[in-house]
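Just below is one structure, and these are the notes that go with it.
The values are calculated or read from the model by the stated rules, or taken from the named source; none is laboratory data. Here the structure is a predicted model, which means the values were calculated and not measured. Please note: Cβ atoms are built from the backbone with ideal geometry, for glycine as well, and neighbour counts cover all protein chains shown. Remember, those area values only see protein heavy atoms, side chains included, never the ligands or the DNA or RNA. Shrake-Rupley method; radii C 1.70, N 1.55, O 1.52, S 1.80 Å.
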Amino acid sequence: MTAPTKTLVLRPRVQRVDECLRPTRAEVDLDAIAHNLRVVRCAVQPTKVLAVVKADAYGHGVVPVALRLEEEGVDGFGVALAEEGIELRDAGIESAIVVLNGVYGGAHEEVLAAGLTPVVYDLSELEAFARAAGGRPFAVHLKVDTGMSRLGVPWRELGGFLERLEGVRGLRVEGLMTHLAAADSDDELTALQLGRFADALAQLRAAGHRPTLLHAANSAAALRLPHARFDMVRVGIALFGLSSVPELQRSFRPAMRLRSEVIAVRELRPGDRVGYDGTFVAERPTKLATVPIGYGDGLMRANSNRGVALVRGVRCPLVGNVSMDLSTFDVSAAGEVTPGDEVVLLGGQPAYGDDTIGAAELAQASGTLPYEVWCAISRRVPRFYRGG
Ligand SMILES: Cc1ncc(COP(=O)(O)O)c(C=O)c1O
């Protein structure tokens with residue numbers, strides 16, 4: 001195993017570096033995430049920033065990421081599920097935590113007891129919270145669906161919904177939110193949604209509510225559209241290093257490196273076939289390296305005969321089908337490759353130069369989005385942390 005360059009903090013279930021025998025691991029740079037938060041803040045100030053850390057902080061590991069962001073003074077956290085919010089409270093996070101997708105499964109008392117702020121879009125949910133609060137005041141963010149047709153009170157039905165809110169004891173509508181369907185790709189749709197959001201706000205105020213936190217923007221809207229920022233932006237992908245504004249991309253730093261090591265090398269002759277179904281056939285003498293990472297780790301099978309990795313600083317094509325635990329690379333151009341050599345699937349290999357494989361590039365090779373690339377990295381890939 002390559003010696004770590006800085007102090008590495010392991011997730012609790014792995015106690016020592018040498019207990020982690022497999023060389024496949026994800027290295028998360030908490031300093032980069034803190035830096036990215038500062039870039040976002042600088043771009044959107046004085047708007048508040050809610051760090052979206054659902055799905056294990058997009059695969060980066062929610063507890064270390066949230067602890068670092070809280071230290072940096074982020075204004076709060078967005079999670080998808082109540083369980084994710086409770087995990088953060090258990091880890092000692094004290095900032096506001098908004099449960100973005102609402103609460104299912106009857107966990108209303110637990111949500112209030114943990115001091116989480118639920119997003120609601122359903123009257124029966126509000127009534128359940130009122131019962132759980134037992135007459136005490138409780139705060140929610142109301143979600144209005146302005147055109148994504150996924151979650152939220154449909155904007156056409158908001159008037160009737162607001163009339164029925166009057167009977168809900170203890171309710172304080174602290175926030176009003178919507179979600180934009182195409183903030184980085186369709187300004188017309190975004191404008192339509194923002195118009196409906198403004199209308200929803202007017203209706204809410206006319207019904208006597210005074211929300212203090214209006215929010216609609218994800219990373220793309222936060223960075224591109226000042227008029228979509230309102231009181232708070234909900235930023236996920238930008239914190240992990242990707243900007244949907246190309247001119248700003250250089251200000252952000254990627255936060256994850258996914259690396260492994262060569263475990264076997266063989267020389268192929270023309271006509272030799274590689275992997276399940278023999279989908280790669282060597283056309284010339286080829287040096288092939290086998291690497292212990294597969295779709296069981298999150299390297300998608302769609303990368304078969306499409307991906308690349310850095311070996312000794314050289315881009316080496318992934319050849320053959322990705323299998324569950326292993327994949328194979330043509331390392332003919334990388335020189336004297338031997339077992340133990342580092343293989344980088346995401347990020348750079350600074351010992352050899354500046355080349356970097358970004359999450360967007362890996363996503364493109366897999367026919368997906370960077371979000372899915374990160375989220376797919378499975379729990380059997382230990383995360384190691386720098387900074388923090
Ligand atoms: C409701 C909501 N807000 C904000 C975000 C953050 O989006 P992004 O990661 O594009 O900034 C998400 C992520 O999917 C979301 O579901």
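Look at where the Cα atoms of the range 42-97 and of the range 133-208 average out, and the two centres are 23 Å apart.
Averaging 1/r over every pair of different alpha carbons in the chain and inverting the result gives a Kirkwood radius of 22.7 Å. Take M148: with every protein chain present and a 1.4 Å probe, its accessible area is about 60 Å². For G320, the residues whose modelled amide H falls within less than 5 Å of its own, excluding neighbours fewer than 5 places apart on the same chain, are F280, N305. Against the chain, whose longest principal axis is taken from its Cα atoms, helix 123-133 shows a tilt of about 80°. In loop segments of the range 159-227 as defined by DSSP, the GluC sites (Glu not before Pro) with at most 11 further C-beta atoms inside 10 Å of their C-beta are E166.
Antiparallel beta bridges, as assigned by DSSP with both residues in the chain, represent about 50 percent of the total such bridges.
For the range 335-388, the set of chymotrypsin sites (Phe, Trp or Tyr not before Pro) satisfying both a DSSP loop assignment and a count of at most 16 other C-beta atoms within 10 Å is given as Y352. Rounded to the nearest 20 debye, the dipole magnitude of the range 61-217 is 660 debye, with +1 charges on Lys and Arg beta carbons, -1 on Asp and Glu beta carbons, and the Cα centre as origin. H60 contributes about 0 Å² of solvent-accessible surface, heavy atoms of the protein only, 1.4 Å probe.
Against the main long axis of the alpha-carbon atoms of the chain, helix 62-71 sits at an angle near 60°. Taking all protein chains together and rolling a 1.4 Å probe, L21 ends up with roughly 150 Å² accessible. When the Debye formula is applied to the Cα atoms of the range 36-101, each taken as the same point scatterer, what base-10 log of I(q)/I(0) results at q = 0.22 Å⁻¹? Here the Debye-derived log intensity ratios amount to -0.86. In plain terms, if you count all Cα to Cα distances in the range 225-331 and split them into 5 Å steps from zero, the share in each step is 2, 11, 18, 17, 13, 10, 7, 8, 7, 3, 2, 1, 0 percent.
Computed over the range 24-112, relative contact order equals 25 percent, with contacts defined as Cα pairs under 8 Å that lie 6+ residues apart.
When the scattering of the range 47-251 is computed by the Debye formula from its Cα atoms alone, each counted once and equally, what is log10 I(q)/I(0) at q = 0.08, 0.19 Å⁻¹? At q = 0.08, 0.19 Å⁻¹ the computed log10 ratios are -0.26, -1.42.
Taking only protein heavy atoms and a 1.4 Å probe, the accessible area of the chain is 51% carbon and sulfur.
Among the GluC sites (Glu not before Pro) in the range 247-292, those placed in a DSSP loop whose Cβ has at most 16 other Cβ atoms within 10 Å are E283. The relative contact order of the range 130-235, computed from alpha carbon pairs under 8 Å that lie at least 6 residues apart in sequence, is 25 percent. The residues packed around G73, meaning those with a beta-carbon under 13 Å from its beta-carbon, carry a net charge of -1 if Lys and Arg are +1 and Asp and Glu are -1. Residues whose amide H comes within less than 5 Å of that of V52, counting only those at least five positions distant or on another chain, are G78, V235, G236 (H built at 1.01 Å from N in the peptide plane).
The range 256-386 has equivalent-ellipsoid semi-axes of 22, 17, 13 Å, by the square roots of 5 times the alpha carbon gyration tensor eigenvalues, sorted largest first. Take the range 256-386 with all the other protein chains still there, run a 1.4 Å probe, and you get 44 Å² of accessible area per residue. Compared with the dominant Cα axis of the chain, that is its longest principal axis, helix 30-44 is turned about 40°.
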